[in-house]
Amino acid sequence: MSRFILVIHPGGLGDVLLALPALRRLRHRFSEHRAWLVCGGQVGALLKACGEVSEAVSLDRGDLAALLAGQRPSAPGLAGCLAGCDLAVAWLADPDGRLQETLRRFGVRRVMTGSPASPACRAVHQGTRYLEIVGEVETAADEAVLLAVPAAVLAEGRRALSAIRVPDGARWAAIHPGSGSPHKCCDPGVLAQVVGWCRERGLFPVLVGGPADAEAVSAVHRICTNSSAVLAGLDLSAVAGALASAVLFVGHDSGLTHLAARLGLPTIALFGPTESQRWAPPGPHVAVLTGEPCACRDWESVRACDSKPCLRISLEALTVACEARLRDAGARI
């Protein structure tokens, strides 16, 4: 009879990808078990396609809400997973222990809960906090945790690139103007200059947009001297399949930037006002750039800040970082 582990992660794309080293440790610890993941629908489906988990259940189904209310989940197979589950990890706060009690009532033998936002966490970086919650210690190998994209997803990505007329085999660069908040985005004029620099460098620039990035993509597109290809309106698997063939990624503190880093792309991550020490994607292939230290005391101050000095990053700094990451990638190849 199959035995299971269950991981519950209510965070967004970037947060889930930061937890990947901890998820790998759990899979190694329970190497004979089938791993189930409850998280955002598209990232769960991608991680299943990449072989990181056996099954993924979307938060959109409402099963986490059911468990938090003490009710049996309705996702096919999930009740059976709980009945044969040796460990359930929920990366969220459970102050009254209700979720732990419910999981044990449905058959889970051991439950670990904890939020990476808890002041009890000693680690600074978010990924290390996930490790800490499950009793693991960060190692140098955690920076090398990358997604292995299967052939079917790569083919989906190639079709998406072909649809926007990216030449087959082109050395192309992804520029992602958006993020989860407009307050984390730099001047679109700077990114438009990066598009021009890519063309001068012999790279095919592509503006990449997520579900909420239409305005940010349009802002850069309007400034560009020449029309740029835009990759948008796709599900996450297609985006991952496309990005896997890029030679460079430039983006803000966003889920797609974390995805690019987990794919091993030379990645330029533009940070501010969020703390790069806490949220930046790890790895030697990632360069983190910031402007002046953020002086905003809280997010209310951030929303009121029009000048955004923390995101004033010069074109020179950007292009130097791009050149360095491309050079390092060439050396590794």
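The values are calculated or read from the model by the stated rules, or taken from the named source; none is laboratory data. These figures come from a predicted structure and were not determined experimentally. Using ideal geometry, Cβ is built from the backbone for each residue, glycine included, and neighbour counts are taken over all protein chains shown.
At-a-glance table
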quantity: Tally of residues being within 21 Å of SER314 (Cα to Cα) and in contact with a Lys or Arg (Cβ under 7 Å, 6 or more places away or on another chain) across region 203-231; calculated: 2
quantity: Region 322-333 residues that are part of a helix (DSSP H, G or I), paired with ones that are of a type in the set (Val, Ile, Thr) and modelled with pLDDT under 85 (beta carbon under 6 Å, 6 or more apart); calculated: none
quantity: Count - residues of region 113-136 that are within 20 Å of ILE8 (Cα to Cα), touching a helix residue (DSSP H, G or I) at 6+ places or on another chain (Cβ under 7 Å) and not charged (D, E, K, R); calculated: 10
quantity: Every pair of residues 6+ apart whose Cβ atoms lie under 9 Å, when the first sits in region 101-115 and is under 16 Å from CYS81 (Cα atoms) while the second is acidic (Asp, Glu) and assigned to a loop (DSSP other than H, G, I, E, B); calculated: VAL111/ASP94
quantity: Subset of region 133-143 that is hydrophobic (A, V, I, L, M, F, W, C) and surrounded by 14 or more Cβ atoms within 10 Å (Cβ to Cβ) - its residue that is farthest from CYS121 (Cα to Cα); calculated: VAL134
quantity: Answer from VAL220, VAL239, VAL230, VAL195 - the residue that is at pLDDT 95 or above and closer than 20 Å to HIS285 by Cα; calculated: VAL239
quantity: Qualifying residue in region 212-232 (condition: within 22 Å of VAL43 (Cβ to Cβ), in contact (Cβ under 8 Å) with a residue 60 or more places away in the chain and not polar (S, T, N, Q)); calculated: yes
quantity: Which numbered condition GLY51 misses (of (1) at negative phi; (2) within 25 Å of the chain's Cα centre (by Cα)); calculated: (1)
quantity: Pairs, first free of Cβ contacts under 8 Å to residues at least 24 places away in the same chain in region 57-83, second aromatic (Phe, Trp, Tyr), C-beta under 7 Å, six or more apart; calculated: VAL57/TRP36
quantity: Some residue of region 234-241 being acidic (Asp, Glu) and without any contact (Cβ under 8 Å) to a residue 12 or more places away in the chain; calculated: no
quantity: Residues that are surrounded by 16 or more Cβ atoms within 10 Å (Cβ to Cβ) and farther than 18 Å from GLY255 by Cβ, drawn from region 286-300; calculated: ALA287, LEU289, THR290, GLY291, CYS294, CYS296
quantity: All positions within region 108-119 that are more than 24 Å from the chain's Cα centre (by Cα) and surrounded by fewer than 16 Cβ atoms within 10 Å (Cβ to Cβ); calculated: ARG109, ARG110
quantity: Filter pass, ASP86 being surrounded by 19 or more Cβ atoms within 10 Å (Cβ to Cβ), acidic (Asp, Glu), outside the structural domain of GLY233 (by TED's automatic domain parsing) and farther than 30 Å from ALA151 by Cα; calculated: no
quantity: Top-ranked residue in region 275-301 [being more than 23 Å from the chain's Cα centre (by Cα) and part of a helix (DSSP H, G or I); ranked as nearest to GLN193 (Cα to Cα)]; calculated: SER301
quantity: Residues satisfying the stated conditions in region 163-182, i.e. more than 15 Å from VAL217 (Cα to Cα), within 25 Å of the chain's Cα centre (by Cα) and without any contact (Cβ under 8 Å) to a residue 24 or more places away in the chain; calculated: ALA163
